[in-house]
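Here the structure comes first, spelled out in structure tokens, and everything after it is commentary.
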Amino acid sequence: MSIRATTFHPYTFRKQVTNLQATIRALGCQNETLIVDLLREGEQVTQKRIETGTQPYHDVEFAVNEEDPGQFEYSIRVRQVTGEVSVENNMAVTYLNVLDEKIKALLIEGDPYWDTTFLRRSLARNDKLDVDALVRFTPNRTRAIRSNENRKDEPLDTPTTAKDFSPYRVVILGKSVETVLGEGGIAALEEWVDKEAGVVIFSRGRAWGGTAKSDLEPIDWSADQTSASRVEVTQQGLSMAPFRMLHSRSDAAELPLF
């Protein structure tokens, strides 16, 4: 008997219902009744019963919500069955980070393309995000865009110091970012990551050119194409319904190569 969490929720809002899911592997446990407990901070909240029948894998789901912001530990535990020798893998632990305000994100784009606009609008429609954007439309014009209507009249200046990045939890970079930030701004971004554990996403590959340099880039970018690559759904990806369905209905070896 073993259990593993199949959902990953880095952030949710207070009073928002969130589903915690796990998959139980019950080998050699045909026609058993499994008792599955949900624990919050080590205290039992509720339980469910699952009839195994002849199937070895079973999904279980609990709906939870929190009244106050903070980080909360949840555990999903399947109780020991008759004849089970070890219960060390009978519990899966996950953490729920509960916010009372939206996650602030900054998108910076120096060479806009249609996918940048699509990305920005998609993020702005997410009710968990408050998105600011600095988009350079012409060599002499960078447009400041706020997705939050209540903050649209607030000034949005180009960050020049690590402190300027502090209001954001994540910064999303497009291409030619040096034309917006300058080399000093890139250095400030690197300092923000180093000192405040800021998150940076490279949405379009190499984010800057010319003489601009930084250790932030996760890889050495190349124009070479790869072949025979296979898609595999990670545990975090299983929190998204389309990938969860793909994982449950297809064997990894049967997925197409790219």
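The values are calculated or read from the model by the stated rules, or taken from the named source; none is laboratory data. As the structure is a prediction and not an experimental result, all values here were calculated from the model. All Cβ positions, glycine included, derive from the backbone under ideal geometry; neighbour counts span all protein chains shown. Heads up: the accessible areas ignore ligands, DNA and RNA and are worked out on the full protein's heavy atoms, side chains in. Shrake-Rupley method; radii C 1.70, N 1.55, O 1.52, S 1.80 Å.
A few comments on the model shown:
- Diffusion coefficient, µm² s⁻¹, Stokes-Einstein with Kirkwood Rh over alpha-carbon pairs of the stretch 169-254 at 37 °C and 0.692 mPa s: 210
- Packing-based ranking, highest mean first, of 143-149, 187-193 given that Cβ atoms within 10 Å are counted: 187-193, 143-149
- Angle between the chain longest axis and helix 114-124 axis [Cα atoms, degrees, rounded to 10]: 60
- Once the mean of 1/r is taken over each pair of separate Cα atoms and inverted, the stretch 1-137 shows a Kirkwood hydrodynamic radius of 17.5 Å.
- Nearest-ten-degree value, helix 178-196 long axis tilted from longest Cα axis of the chain: 40
- Percent accessible area from carbon and sulfur atoms, the chain, protein chains only, probe 1.4 Å: 47
- Computed label-point distance, nm, for sites Tyr57 and Gln71 using a 7 Å Cα→Cβ extension: 3.0
- Counting only protein heavy atoms and a 1.4 Å probe, the stretch 123-202 has 56 square angstrom of accessible area per residue.
- Accessible surface for the stretch 1-92, divided over its residues, is 57 Å² per residue with a 1.4 Å probe.
- Counting only Cβ charges, +1 for Lys and Arg and -1 for Asp and Glu, the dipole size of the chain around its Cα centre is about 680 debye.
- Local electrostatic count at Asp164 - Lys and Arg +1, Asp and Glu -1, tallied over other residues with Cβ under 11 Å: -1
- Calculated diffusion of the chain, Stokes-Einstein form, Kirkwood radius summed over Cα pairs, 4 °C and 1.567 mPa s, µm²/s: 60
- Counting Lys and Arg as +1 and Asp and Glu as -1 over every other residue whose Cβ lies under 13 Å from the Cβ of Val17, the net charge comes to -1.
- Relative contact order of the chain, pairs being alpha-carbon contacts under 8 Å that are 6 or more residues apart, as %: 16
- Toward the positive end of the charge dipole of the stretch 1-123, with +1 on the Cβ of Lys and Arg and -1 on the Cβ of Asp and Glu, the farthest Cα among Val81, Phe118, Ile24 is that of Phe118.
- The alpha-carbon of Lys15 sits under 29 angstrom from the alpha-carbons of these lysines, leaving out residues fewer than 8 places away in its chain: Lys48, Lys102, Lys104, Lys128, Lys152.
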